[in-house]
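Enquirer: Have a look at this one.
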Amino acid sequence: MKCLVTGGNVKVLGKAVHSLSRIGDELYLEPLEDGLSLRTVNSSRSAYACFLFAPLFFQQYQAATPGQDLLRCKILMKTVEKCCISLNGRSSRLVVQLHCKFGVRKTHNLSFQDCESLQAVFDPASCPHMLRAPARVLGEAVLPFPPALAEVTLGIGRGRRVILRSYHEEEAGFSCSSPTDSTAKAMVTEMCLGEEDFQQLQAQEGVSITFCLKEFRGLLSFAESANLNLSIHFDAPGRPAIFTIKDSLLDGHFVLATLSDTDSHSQDLGSPEHHQPVPQLQAHSVPHPDDFANDDIDSYMIAMETTIGNEGSRALPSISLSPGPQPPKSPGPHSEEEDEAEPSTVPGTPPPKKFRSLFFGSILAPVRSPQGPSPVLAEDSEGEG
Amino acid sequence: MKFRAKITDKGCLELFIHVSGTVARLAKVCVLRVCPDSLCFGPGGSGGLREARLWCEVRQGTFQQFRMEGVAEDLNEIHLELTAEHLSRAARSAAGASSLKLQLTHKRRPCLTVAVELASSLGRARSVVHDLPVRVLPRRVWRDCLPPSLRASDVSIYLPRWRTLRSIVERMANVGDHVLVEANLSGRMTLSMETEVVSIQSYFKNLGNPPKSAVGVPQNRDLESMVQVRVDNRRLLQFLEGQQIHPTTALCNIWDNTLLQLVLVQEDVSLQYFIPAL
């Protein structure tokens, strides 16, 4: 059997295998005349799944070499026992070896590019306000908000209740003369948690910050799955907010810019322009990982590789397992971003307000050649897609 | 103008969540009529039955508290236009809640505020408040929001089992866009469709007919004669798949070659879906 999958279909194939892996442990591959079939069944034989990819799905499809019978086989999907990551300087490759059960070894040779160390400069201890709660509590708190909501305001209300409210930039001077104008306005949702839900709450009534909810959800889902507590350190509006998780084996920091000069109780003031004061950063940022938020490193690697295959040889930063930030000299991070995969971002335009997490697992950086540190003013993004 | 209502009963709350979900599936913008003893949801836009439309009434019994004051003494109603998906989303956040409160408020603009008290697992109170932007409709457009008043239907018949009906219509929708619905006063219903290559008929019998009111019923009506209407299959399927309540009564009314009306009732809630003939 020989098949060649190209373009967007590689991702499709990967997602199909991923969805099969949710059902069973073994993947049954059978090349048929009318296509390649991938099947699985769960251990109790109460669920069966099958994908059939027609020959047209493939750039080349050969079910069997001429003269041979059609063969079929099964392979194990979820069997990683050990993962070795090493840098091969001579061939400029990052080598990820997955040692699986039954003698299966998968080796991924990923090309990379030299880069400077990605270091954001920030210090949670310099933030006057903080709160800490189990990730589960915060996960429940963001549940009522629509998944597409870009920004949320977090604040301390009367009675030391912690309030989360959806944030929308209102256009100045909207009119209510027609239905689409007024009723298509966004709905405002506000969630109130009591002080007792938090393990630590060190902030006065009336303080609040507004930050990107989508970015926060990234850390939140990891923290929920790892059952960790999540701390939020914050300062005045406009100063970055630092979200941290920690246990004995790992720690993570997400630093997010916050909107400045906004009073979350009166959002209809004039122009919605916001400025983020942004201090120094010494390297370039990396874009967010793609949608696949799963901790199965195997499919994670497949997804990385398929994107590489699409775009030719891409640069990747070295993956380090501990993201320790350098001791800060001045508070606050900033970012530069240029993503060759998005032709709409042109070098030289002010980069978006957000910058990227330093969390391990940041990937896929199509980066420019390293430059020295330079201050960049990051304007508030209009709203990311 | 005032409106405040509260649901504290678990079953009523679930029903309200399903009702708002159904409305959101079948209409983008809807008009909420607050009447002295009920809430009525209707389609936005001008009236008429040129296209399939849903009306829904939630009678006061669903609410454990209900108070309203209309625009005027003689016109004791409030008409609000809102985005159905907003209400559905707000209601969904009340799944498992201890109470849901609806209130007409003014927060820099008119809002329908949905306040949910969540019973936290550890007994700690949490609340979620949604402010839905609404447009208060002027009286001159009120008439457009009402369901149509029609003469008595030609045939009224109970619907077959919901799942059966839905799966048959679903399969027919895979084949073609039109379906012919026929029924008579002897409890028989037929769904049929036909394309160039295939024709499908489904026959139902012993469905039973609701007792008709005495008004407007022709005396010597032939019980066996079938009355029919041809409708857009996708609209029918949209209703069968989109509606979320568990009706105790489900029936349809047919006006010969004119209109199909599906009526579902569960406790204090009724849904009516009109599909005009093609």
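Enquirer: Stretch residue B:201-residue B:64 to full length: gain in nm at 0.36 nm per residue minus the Cα-Cα span?
Expert: 44.7 nm
Enquirer: Set the Förster distance to 45 Å, then compute FRET efficiency between residue B:28 and residue A:91 from the Cβ-Cβ distance, nearest 0.05.
Expert: The pair residue B:28/residue A:91 has a calculated efficiency of 0.20.
Enquirer: Also: Averaged over A:188-199, how many beta carbons belonging to a partner chain fall within 10 Å of each residue's beta carbon?
Expert: Shielding by partners across A:188-199 averages 5.
Enquirer: Label residue A:221 and residue A:29 with points 7 Å out from Cα along Cα→Cβ: what is the distance between them in nm?
Expert: Output for this residue pair reads 2.8 nm.
Enquirer: Taking both sides together, what accessible area is buried at the B/A interface, probe 1.4 Å, expressed in Å² and rounded to the nearest 100?
Expert: Buried area between the two chains comes out at roughly 2100 Å².
Enquirer: Between residue A:43 and residue B:98, what FRET efficiency comes out of the Förster formula 1/(1 + (r/R0)^6) with R0 = 45 Å and r the beta carbon distance, rounded to 0.05?
Expert: So, using R0 = 45 Å, E works out to roughly 0.65.
Enquirer: Could you work out what % of the accessible surface of segment B:68-184 is carbon and sulfur, using a 1.4 angstrom probe and leaving DNA, RNA and ligands out of the count?
Expert: That share works out to 46 percent.
Enquirer: If you rank B:158, B:203 by how much accessible surface each has, with a 1.4 Å probe, what is the order from largest down?
Expert: B:203, B:158
Enquirer: With a point put 7 Å past each Cα toward its Cβ, work out how far residue A:101 is from residue B:109 in nm, to one decimal.
Expert: So the two model labels end up 5.8 nm from each other.
Enquirer: Check residue B:29: other-chain or 5+ apart residues with amide H under 5 Å from its amide H, H built from backbone geometry?
Expert: Those qualifying (amide H under 5 Å, at least 5 residues apart or on another chain) are B:44, B:84.
Enquirer: For segment A:187-231, with every protein chain kept in place, what is the accessible area per residue (1.4 Å probe, Å²)?
Expert: Result: 37 Å² of accessible area for each residue.
Enquirer: Taking 7 Å along the Cα-to-C-beta vector as the label spot, tell me the residue A:59-residue B:71 distance in nanometres, rounded to one decimal.
Expert: 6.5 nm
Enquirer: Rank A:30, B:194, A:140, B:224 by accessible area, highest first, at a 1.4 Å probe radius?
Expert: Sorted descending by solvent-accessible area, the residues read B:194, B:224, A:140, A:30.
Enquirer: In a GNM of chain B with a 10 Å cut-off on Cα contacts, which of B:261, B:65, B:244 has the highest mean-square fluctuation?
Expert: Answer for the Gaussian network model of chain B: B:65.
Enquirer: Give me the dipole magnitude in Debye, nearest 20, for segment A:1-108 about the Cα centre, with unit charges on the beta carbon: positive for Lys and Arg, negative for Asp and Glu.
Expert: 560 debye
Enquirer: A further question on this structure: Note the full-extension length gain between residue B:162 and residue B:175 as 0.36 nm times their separation in residues minus their Cα-Cα distance, in nm to one decimal.
Expert: 2.6 nm
Enquirer: Can you work out the Karplus-derived ³J(HN,Hα) for every residue in segment A:204-216? Use 6.51 cos²θ - 1.76 cosθ + 1.60 with θ = phi - 60°, whole Hz, and x for glycine or proline.
Expert: Computed from phi, the couplings for segment A:204-216 are 8, 4, x, 6, 7, 9, 10, 9, 7, 5, 4, 6, 5 Hz.
Enquirer: Please get the size of the charge dipole for chain B, origin at its Cα centre, with Cβ charges of +1 on Lys and Arg and -1 on Asp and Glu, quoted in debye to the nearest 20.
Expert: So the magnitude is around 980 debye.
Enquirer: Please list, in order along segment A:101-108, the HN-Hα scalar couplings obtained from phi with the Karplus expression 6.51 cos²θ - 1.76 cosθ + 1.60 (θ = phi - 60°), rounded to whole Hz, x for Gly and Pro.
Expert: 5, 6, x, 7, 10, 10, 10, 10
Enquirer: Skipping prolines and chain starts, which residues have an amide H placed within reach, meaning under 5 Å, of the one on residue A:120, given they are 5 or more residues away or on another chain?
Expert: A:326
The values are calculated or read from the model by the stated rules, or taken from the named source; none is laboratory data. The structure displayed is predicted, hence computed values, not measured ones. A quick note on method: Cβ atoms are made from the backbone with ideal geometry, for glycine too, and the neighbour counts reach across all protein chains shown. Surface areas here come from the heavy atoms of the whole protein model, side chains and all, with no ligands, DNA or RNA. Shrake-Rupley method; radii C 1.70, N 1.55, O 1.52, S 1.80 Å.
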